[in-house]
1. Within the range 17-44, track down each residue that is part of a loop (DSSP other than H, G, I, E, B) and more than 18 Å from K74 (Cα to Cα).
2. Would it be correct to say that I14 is touching a residue at least 24 places away in the same chain (Cβ under 8 Å), part of a loop (DSSP other than H, G, I, E, B), out of contact with any Cys (no Cβ under 8 Å at 6 or more places or on another chain) and of a type in the set (V, I, T)?
3. When D53 is evaluated against the numbered criteria (1) touching a helix residue (DSSP H, G or I) at 6+ places or on another chain (Cβ under 8 Å); (2) touching a residue at least 12 places away in the same chain (Cβ under 8 Å); (3) surrounded by fewer than 19 Cβ atoms within 10 Å (Cβ to Cβ); (4) not in a loop (DSSP other than H, G, I, E, B), which criterion, by number, is the only one it fails?
4. Please enumerate the residues belonging to the range 97-122 that are outside any helix (DSSP H, G or I) and either of a type outside the set (D, E) or not assigned by TED's automatic domain parsing to the domain that holds Y80 (or both).
5. Restricting to the range 68-97, what's the tally of residues that are within 18 Å of the chain's Cα centre (by Cα) and surrounded by fewer than 17 Cβ atoms within 10 Å (Cβ to Cβ)?
6. For the structure I just gave you, tell me whether H47 is of a type outside the set (A, V, I, L, M, F, W, C), at negative phi and in a loop (DSSP other than H, G, I, E, B).
7. Please indicate, with yes or no, whether at least one residue in the range 60-68 is part of a helix (DSSP H, G or I) and modelled with pLDDT of 95 or more.
Amino acid sequence: MEINETFEDYLKAIYLISKQNKAGWVSNSEISNLLSVKPSSVTSMLHKLKDNDFIAWKPRGSIRLTQKGKNIAKQTLRNYKKLREFFINVLKLTNKEIIDKLCCEIEHHITYEVVNALDNLSD
């Protein structure tokens, strides 16, 4: 299933915040702060995420990822981490801002085969 990049960014943000919060619940304002977007934009996206069964949420309530949303967030994060390792350990890049920008842009487009190939580089 092809997932919208923005969906992946939101799911990743919710996942990262949830790891720091008791019971994994996340607020609209936490997402807004992390992604540097307006709370109204977050609310709009939350409706879309809920419609696609990526989150459990009721308006003006806390947010939690469904298993489906969690799986996508974890895969997106894994892609980011593998790319980061590649840029640092193989390509020997040192500029953290460039590495972060590249990882954030590419993480949405790499395939399972590419992630496996990156895994094999570590072996």
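The values are calculated or read from the model by the stated rules, or taken from the named source; none is laboratory data. Nothing here was measured: the structure is a model prediction, and the numbers come from that model. Neighbour counts are summed over all protein chains in view; Cβ atoms, including those assigned to glycine, are modelled from backbone coordinates with ideal geometry.
1. Of the residues in the range 17-44, the ones part of a loop (DSSP other than H, G, I, E, B) are 19-21, 25, 27, 36-38.
Correct list: S27, S36, V37, K38.
2. On the way: touching a residue at least 24 places away in the same chain (Cβ under 8 Å): yes; part of a loop (DSSP other than H, G, I, E, B): no; out of contact with any Cys (no Cβ under 8 Å at 6 or more places or on another chain): yes; of a type in the set (V, I, T): yes.
Taking the combined requirement at face value, the residue does not satisfy it.
3. Condition (4) is where D53 drops out.
4. We begin by selecting, within the range 97-122, every residue outside any helix (DSSP H, G or I); these are 107-111.
Of everything in the range 97-122, those that are outside any helix (DSSP H, G or I) and either of a type outside the set (D, E) or not assigned by TED's automatic domain parsing to the domain that holds Y80 (or both) turn out to be H108, H109, I110, T111.
5. The total comes to 8.
6. Details: of a type outside the set (A, V, I, L, M, F, W, C): yes; at negative phi: yes; in a loop (DSSP other than H, G, I, E, B): no.
Answer is no for this residue.
7. To start, the set of residues in the range 60-68 that are part of a helix (DSSP H, G or I) comprises 67-68.
Next cut, modelled with pLDDT of 95 or more only: 67-68.
Yes, because at least one residue in the range 60-68 is part of a helix (DSSP H, G or I) and modelled with pLDDT of 95 or more.
Let's see how each residue does on (1) modelled with pLDDT under 95; (2) more than 30 Å from L121 (Cα to Cα):
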position: T6; (1), (2): yes, no
position: K22; (1), (2): yes, yes
position: L34; (1), (2): no, yes
position: L49; (1), (2): no, yes
position: K70; (1), (2): no, no
position: E107; (1), (2): yes, no
